[in-house]
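Colleague: Before anything else, here's the structure in question.
Read the figures in this text as sums done on the coordinates, not as results from a lab. Just so we're clear, the structure is a prediction, and the values are computed from it rather than from any experiment. Reconstructed Cβ throughout: ideal geometry from the backbone, glycine too, with neighbour counts over all protein chains shown.
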Amino acid sequence: MTKIAIIVFSDTETAEAMGKMANAFTLANEALEHGDELKFIFEGAGTKWIGELEDENHKLHSVYKGLKEHFTGACAFCAQAYGVKNQVEKADIKLVSEYNNHPSLRTLFAEGYQVLSV
């Protein structure tokens, strides 16, 4: 079984970032369709996406909602630092804090995940 980890670092403010998020969602859907093991983590400025994507009028909202149950979580430190911790909690997405209040990205490599950062 293929093990894929998608880490979203991109901010929400550019067309390029929107494209990265759309492509991350495409890969996530493809991985799930093939029965791959998937981890999907919002890190850094990427934690800001959660509040944006919760908006029903957002272009990617429906794709987000379809994948939401498969999200691993969002960085606890970064959600706080970017002022979106309440949005992450309201969206019922787990705050991850395995290493110094961040997700342990090293663990992904140690567990054999192919890691893609967007």
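Colleague: What number comes out for the charge environment of residue 46, summing +1 per Lys or Arg and -1 per Asp or Glu over other residues with Cβ under 10 Å away? Could the numbers behind the result be given before it?
Modeller: Details: positive: 20, 48; negative: 11, 43.
Residues close to residue 46 contribute a combined charge of 0.
Colleague: Under the rule that an exposed site lies in a DSSP loop and has at most 15 other Cβ atoms within 10 Å, name the longest stretch of the chain with no trypsin sites (Lys or Arg not before Pro) of that kind, not counting the sites themselves. Intermediate values should be presented prior to the final figure.
Modeller: Working: sites that count: 59, 94.
My reading of the result: 1-58 is the longest stretch.
Colleague: For the chain, what is the mean residue ellipticity at 222 nm derived from helices alone (per DSSP H run of n ≥ 4: -39500 (n - 2.57); sum divided by total residues; nearest 500 deg cm²/dmol)? Before the final figure, lay out each step's value.
Modeller: Details: 6 runs with 51 residues, N = 118.
Calculated mean residue ellipticity at 222 nm is -12000 deg cm²/dmol.
Colleague: Around residue 12, what is the net charge, scoring Lys/Arg as +1 and Asp/Glu as -1 over all other residues with Cβ under 9 Å from its Cβ? Intermediate values should be presented prior to the final figure.
Modeller: Numbers: positive: 48; negative: 11, 13, 52.
Net charge in that neighbourhood comes out at -2.
Colleague: Normalised by the residues of the chain, what does the relative contact order come to in percent, with Cα pairs under 8 Å and at least six apart? Intermediate results must be reported in sequence, preceding the final value.
Modeller: Values: 194 pairs, mean separation 39.0, N = 118.
It rounds to 33 percent for the chain.
Colleague: Among the listed pairs 68/90; 3/48; 39/90; 48/85; 68/94, give every one whose C-alpha distance is greater than 18 Å. Show your work: numbers first, answer last.
Modeller: Details: 68/90 13 Å; 3/48 25 Å; 39/90 21 Å; 48/85 9 Å; 68/94 11 Å.
In this structure, 3/48; 39/90 exceed 18 Å between Cα atoms.
Colleague: With a sphere of radius 10 Å drawn around the Cβ of residue 87, what net charge do the other residues whose Cβ falls strictly inside it have (Lys, Arg +1; Asp, Glu -1)?
Modeller: On the way: positive: 48, 85, 90; negative: 52, 54, 89.
Its environment carries a net charge of 0.
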